[in-house]
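The values are calculated or read from the model by the stated rules, or taken from the named source; none is laboratory data. A quick note: this is a predicted structure, and the numbers were derived from the prediction, not measured. So basically every Cβ, Gly included, is an ideal-geometry build from the backbone, and we count neighbours across all protein chains shown.
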Amino acid sequence: MKAAVYQGKQRFEVTDIAAPEPGPGQVQIKVRRSAICGTDVHAFMYGLAPAGSVLGHEFAGTISKLGKGVTRWKAGDRVIGGGGEWPEGKAPPTRSHPRYNYRTMGFADTRTRGYAEYTVLDEWAPLPIPAGVTDEAASITEPCSVAVHAVRRSALRLGDTVGVIGAGPIGLLVTQAALAAGASRVIVSEPAPARAAAARQSGAAEVVDPFEVDAVERIVELTGGVGPDVVFDCAGLKNTLDQAFLSVRRSGQVILVAVPWEPLPILPSDWMAREIDFRASWGGLPEDWRISLDLMRLGKVNAGVLISENSLIDLEQIQETFEALMNPSVQVQTVFRL
């Protein structure tokens, strides 16, 4: 089968490798669509993935073979590559390790994953794709679960005003999830025109260009001098977490969703007197995956805002695509056709 094999040192090679066969209690999945996750871009940028690995954990496809003893699936079933309830003892290290560190422990899994024509999962791991949800939409269930998890971890209440810093895929999905959860208004900070337009299509009431105005001053002004009730940092840049703290209202909450990779300059004396709550959010739990699929089925999350015809590319374009995503400015989400 065709697969994009990571060679190390920011290099992929698309080559033929043996298709994985399902063992007892496993299923083989024919991958139809595989989206690129920001964590894979981090692995590419910072050399985190082991050479010889096949990355990709945001994918949708069909069951193509059943291992011995599998009864819950049949060939042809449409599924996503994750979201199933973890059996006892099967929780990933992100949830089970008491001192989990994403930077140092995030890419230990070397099995063949979604940047390939076929992959294998334990039968409990996939979820069925609901009728009416396209393969393209289903392929971004995992990042949608990240957004859903962040909103569910927040203190957001019906009628609250929300700030979102960064309108990449996660920021756009947080915007939609916050509105689905009852936010009355979402204000987004984003300089890239294509992403700003996508934020408006996602339901943002206002989009602030931080290159044109002082983002903090404008967000506070748009909330009557008070600040949003909850601010999500979905950018993870050097100044964005401090912007979140500076713009949120007194006794409001800041949620860090992005993954900053450099030390961040923050000055707590500028905002700590407002008694701000802070939470980090990481990944999504199985219930967040199921909620994400349901929100897409109900039309409360519109994957079409993130994925256009221009988003769909062939696997052979993986090298130049990852190089471009190191400094994203135009494309919102990229999905491989397999």
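List the number of the failed condition for Thr119; all other conditions in (1) more than 23 Å from Ile318 (Cα to Cα); (2) out of contact with any helix residue (DSSP H, G or I) (no Cβ under 7 Å at 6 or more places or on another chain); (3) outside any loop (DSSP other than H, G, I, E, B) hold.
(1)
Search the stretch 79-99 for residues that are in the same structural domain as Ser64 (by TED's automatic domain parsing) and in a loop (DSSP other than H, G, I, E, B) and pair each with any residue that is of a type in the set (Gly, Ala, Ser) and exposed (fewer than 14 other Cβ atoms within 10 Å of the Cβ) when their beta-carbon atoms are under 9 Å apart and the residues are at least 6 apart or on different chains.
Once the first residue is in the same structural domain as Ser64 (by TED's automatic domain parsing) and in a loop (DSSP other than H, G, I, E, B) and sits in the stretch 79-99, its partners that are of a type in the set (Gly, Ala, Ser) and exposed (fewer than 14 other Cβ atoms within 10 Å of the Cβ) give Trp86/Ser96; Gly89/Ser96; Lys90/Ser96.
Confirm whether Glu275 is in the same structural domain as Ser202 (by TED's automatic domain parsing), at pLDDT 95 or above, out of contact with any helix residue (DSSP H, G or I) (no Cβ under 6 Å at 6 or more places or on another chain) and farther than 26 Å from Arg200 by Cβ.
Spelling it out, Glu275 is indeed in the same structural domain as Ser202 (by TED's automatic domain parsing), at pLDDT 95 or above, out of contact with any helix residue (DSSP H, G or I) (no Cβ under 6 Å at 6 or more places or on another chain) and farther than 26 Å from Arg200 by Cβ.
If I go through the stretch 282-299 residue by residue, how many of them are assigned to a loop (DSSP other than H, G, I, E, B) and surrounded by 15 or more Cβ atoms within 10 Å (Cβ to Cβ)?
To start, the set of residues in the stretch 282-299 that are assigned to a loop (DSSP other than H, G, I, E, B) comprises 282-285, 299.
When the remaining residues are screened for being surrounded by 15 or more Cβ atoms within 10 Å (Cβ to Cβ), the result is 282-285.
Total meeting the criteria: 4.
Counting only residues that are surrounded by fewer than 16 Cβ atoms within 10 Å (Cβ to Cβ) and touching a residue at least 12 places away in the same chain (Cβ under 8 Å), which one in the stretch 269-281 is nearest to Glu58 (Cα to Cα)?
Just the residues of the stretch 269-281 that are surrounded by fewer than 16 Cβ atoms within 10 Å (Cβ to Cβ), to begin with: 269-270, 272-275, 277-280.
Retained after the next criterion (residues that are touching a residue at least 12 places away in the same chain (Cβ under 8 Å)): 270, 274-275, 277-280.
Working: Asp270: 39, Arg274: 39, Glu275: 38, Asp277: 31, Phe278: 28, Arg279: 25, Ala280: 22 Å.
Per the criteria, the residue is Ala280.
State all residues of the stretch 133-180 that are crowded, with 24+ Cβ neighbours inside 10 Å, in a loop (DSSP other than H, G, I, E, B) and of a type outside the set (Gly, Ala, Ser); if no residue qualifies, say none.
The answer is Ile140, and nothing else.
Can you tell me how many residues in the stretch 195-218 are touching a residue at least 12 places away in the same chain (Cβ under 8 Å), β-branched (Val, Ile, Thr) and more than 20 Å from Ala177 (Cα to Cα)?
Counting residues in the stretch 195-218 that are touching a residue at least 12 places away in the same chain (Cβ under 8 Å), β-branched (Val, Ile, Thr) and more than 20 Å from Ala177 (Cα to Cα) gives 1.
Could you please let me know if Ser247 is buried (at least 24 other Cβ atoms within 10 Å of the Cβ) and free of Cβ contacts under 8 Å to residues at least 60 places away in the same chain?
Working: buried (at least 24 other Cβ atoms within 10 Å of the Cβ): yes; free of Cβ contacts under 8 Å to residues at least 60 places away in the same chain: no.
So Ser247 fails the test.
Is it true that some residue in the stretch 162-181 is more than 20 Å from the chain's Cα centre (by Cα), modelled with pLDDT of 95 or more and not assigned by TED's automatic domain parsing to the domain that holds Cys37?
Here is the first cut: in the stretch 162-181, the ones more than 20 Å from the chain's Cα centre (by Cα) are none.
No, the stretch 162-181 contains no residue that is more than 20 Å from the chain's Cα centre (by Cα), modelled with pLDDT of 95 or more and not assigned by TED's automatic domain parsing to the domain that holds Cys37.
When residues of the stretch 298-323 are filtered for being under 18 Å from Arg152 (Cβ atoms) and touching a residue at least 60 places away in the same chain (Cβ under 8 Å), how many remain? First the steps, then the outcome.
From the stretch 298-323, those under 18 Å from Arg152 (Cβ atoms) are 298, 300-301; that's our starting set.
Add one more test, that the residue is touching a residue at least 60 places away in the same chain (Cβ under 8 Å), and what stays is 300-301.
Number of matching residues: 2.
Would you mind finding the one in Arg337, Arg279, Arg297 that is under 15 Å from Cys234 (Cα atoms) and of a type in the set (D, E, K, R)? Show your work before the answer.
On the way: Arg337 fails: under 15 Å from Cys234 (Cα atoms); Arg297 fails: under 15 Å from Cys234 (Cα atoms).
Sole residue among the options that is under 15 Å from Cys234 (Cα atoms) and of a type in the set (D, E, K, R): Arg279.
If you take the residues of the stretch 81-126 that are in contact with a Gly (Cβ under 8 Å, 6 or more places away or on another chain) and of a type in the set (Val, Ile, Thr), which of them is surrounded by the most Cβ atoms within 10 Å (Cβ to Cβ)?
Within the stretch 81-126, the match that is surrounded by the most Cβ atoms within 10 Å (Cβ to Cβ) is Thr119.
Being assigned by TED's automatic domain parsing to the domain that holds Pro130 and touching a Lys or Arg at 6+ places or on another chain (Cβ under 8 Å) is true for just one of Thr62, Thr112. Which residue is that? Quick ask: steps written out before the conclusion?
Numbers: Thr112 fails: touching a Lys or Arg at 6+ places or on another chain (Cβ under 8 Å).
Among Thr62, Thr112, only Thr62 is assigned by TED's automatic domain parsing to the domain that holds Pro130 and touching a Lys or Arg at 6+ places or on another chain (Cβ under 8 Å).
What's the number of the only condition in (1) part of a helix (DSSP H, G or I); (2) within 20 Å of the chain's Cα centre (by Cα) that Leu246 fails to meet?
All conditions pass for Leu246, except number (2).
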